1. Could you give the length gained by full extension between residue 17 and residue 134, i.e. 0.36 nm per residue of separation minus their alpha carbon distance, to one decimal place?
2. Can you sort 43, 123 from fewest to most other Cβ atoms within 10 Å of each residue's own Cβ?
3. In whole Å, what is the distance between the alpha-carbon centres of the range 232-284 and the range 90-134?
4. If the elastic network links every pair of Cα atoms under 10 Å, which of 176, 116, 97 fluctuates the most in the Gaussian network model of the chain?
5. Quick one: order 165, 122 by neighbouring beta-carbon count within 10 Å, fewest to most.
6. Calculate, in nm to one decimal, what residue 204 and residue 159 gain on full extension: separation in residues at 0.36 nm each, minus their alpha carbon distance.
7. Could you sort 30-37, 51-58 so that the peptide with the highest average Cβ count within 10 Å comes first and the rest follow in order?
8. Helix 29-44 against the longest principal axis of the chain: what's the angle in degrees, Cα atoms only, rounded to the nearest 10?
Ligand SMILES: C[S@@+](CC[C@H](N)C(=O)[O-])C[C@H]1O[C@@H](n2cnc3c(N)ncnc32)[C@H](O)[C@@H]1O
């Protein structure tokens, strides 16, 4: 395997070679990640200019960027990173029908980070299913529900009346998509189109769940929103927050080439933020999905 240690020309030639053949083969995935790690270090040290970075991003070519997950990540067709559509494409293991560029989508779908997104759906389903064994009826608040494929898969295994869900979601297009996906359960799932910063309620829920949102918050916003979640949680209920960990092997590639930045946090940092929000350490735990990339901060509200 090539290690990119000494000069810029070698990794750039490697990237050009991969681009010219429509994407990497599985045996090149490791080298591509190595290259991204190396180039990101160079970029952060100031050895690669903004212009060079743009040239590298554009070197993928317009046609490729139009059709692939990679292009979706850069172009942000819904106006923000991590939109409901790209997340649902991860859940569906979508690969472009354009054979010229399918290698890129296969590569993206093989990344540990995309697998971690799929694993968080499984984690959500298992967690809610287990909680429903302890309490036969639950009220769930799902903040930043996106495509709500996690809900559709969960509800397909539940009996009517077990779970009532309210989704708060800022993007009306995500709500329309999620409603269609969940139309069999529309009397048990409702949606409010609202930015979570402006949402107010007196209602309390057994579980307040949010994944794919706090990764975009800085620490002070993170703490502020936990405090609000506490007000919306019943005594004995739980807050569960997903956040990517620092063990994301795809981080450099996502940032440098996908222009997709997250606040990666360790288990200790997540616990510290919950304590800052006024929670007692004995009521806090952090779990993880099998990749160890998506962490879940769980706070028991007394
Ligand atoms: C990465 S997706 C996560 C979707 C879903 N939770 C999942 O894990 O599949 C993020 C979603 O958060 C929504 N969102 C982002 N900022 C928001 C905010 N301030 N208030 C409500 N929703 C927000 C976006 O519209 C998007 O649908």
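Here, each number is a calculation from the coordinates, and none is a lab measurement. Everything numeric here is computed off the predicted structure, so don't read it as measured data. Note: ideal-geometry Cβ built from the backbone for every residue, glycine included; neighbour counts use all protein chains shown.
1. 36.6 nm
2. 43, 123
3. Rounded to whole Å, the Cα centres lie 19 Å apart.
4. Of 176, 116, 97, the most mobile in the Gaussian network model is 97.
5. 122, 165
6. 14.0 nm
7. 30-37, 51-58
8. Roughly 90 degrees, rounded to the nearest 10.
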